[in-house]
Amino acid sequence: MVNVDTVYQKVLTIANKEQRGYITPLEFNLLASQAQLEIFEEYFAGLNQTIQMPGIDLPYADLTSILEDKISVFQQSLGVAQFAALTVAGANFRITLPDDVYRIVSLYVGDSEAEKLNNIHFQHVKKQGPLTKPTLTRPVYNLQRSLLRIHNGNPVDPSVTDVSMHYIRRPVKPEWGYVVVNEQALYNASTAQDFELHASEETTLVLKILGLAGIVMQKQDIAAIGQQA
């Protein structure tokens, strides 16, 4: 993890140099959340590129392994008891997903992994023939925002509610916690939330936040620091 106060102090030091501008705690928290999310999403694009590249025998220097390690922090598993809501209607059932779901890795109904279908295919799944329609061993699912719809072809079997999911969650929003003393904001670690990214991302976070801050404050020199770096 990356300490949120360390990042904030570095951002302030650079932004305040030569009176370029002051970034309030509220502004920093908003920009910090955006910067963390951008870096987090870049992991997946980077992983897609590195997978297509020849690997090396040293895991600590292999880019694919490095990115997989950074993403692994956000891997979660849920059983049916942990879902927010589950509604059963015949062979179909719906689950309201937690707000932190970013990407589903795999979904199981009983011991069978479900296949993901797009909206059109899922709507027509009931009309398929007996050889191709969903079954207990070949369930399907569809995702619409936070609503997960599953079909397993059998409304009677009790495994209809035996659902487990592996997914990548979103990082928790960083927060520079503070208290106001004599009209000054002082860091309060008890209400702070550090960045959930790998420690190696500290410099990248500082630069990204500076780039975003320069745009918000209309300070081209600050924005250029992040962009050029």
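The values are calculated or read from the model by the stated rules, or taken from the named source; none is laboratory data. All values reported here derive from a predicted model rather than from experimental measurement. Quick reminder, even Gly has a Cβ in these numbers, built from the backbone with ideal geometry, and neighbours come from all protein chains shown. Only protein heavy atoms, including side chains, enter the accessible area calculation; ligands, DNA and RNA are left aside. Shrake-Rupley method; radii C 1.70, N 1.55, O 1.52, S 1.80 Å.
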From the options Ala81, Ala61, Ala15, Ala32, residue that is part of a helix (DSSP H, G or I), closer than 27 Å to Arg103 by Cβ and either modelled with pLDDT under 90 or open to solvent by 90 Å² or more (accessible area, probe 1.4 Å) (or both): Ala81
Residues being touching a residue at least 12 places away in the same chain (Cβ under 8 Å) and either within 25 Å of Lys70 (Cα to Cα) or part of a helix (DSSP H, G or I) (or both): count how many of those fall in region 179-201. 12
Total residues in region 170-208, condition surrounded by 15 or more Cβ atoms within 10 Å (Cβ to Cβ) and under 18 Å from Gln36 (Cβ atoms): 21
Residue within region 99-110 that is over 22 Å from the mean Cα position of the chain (by Cα) and at pLDDT 80 or above present: yes
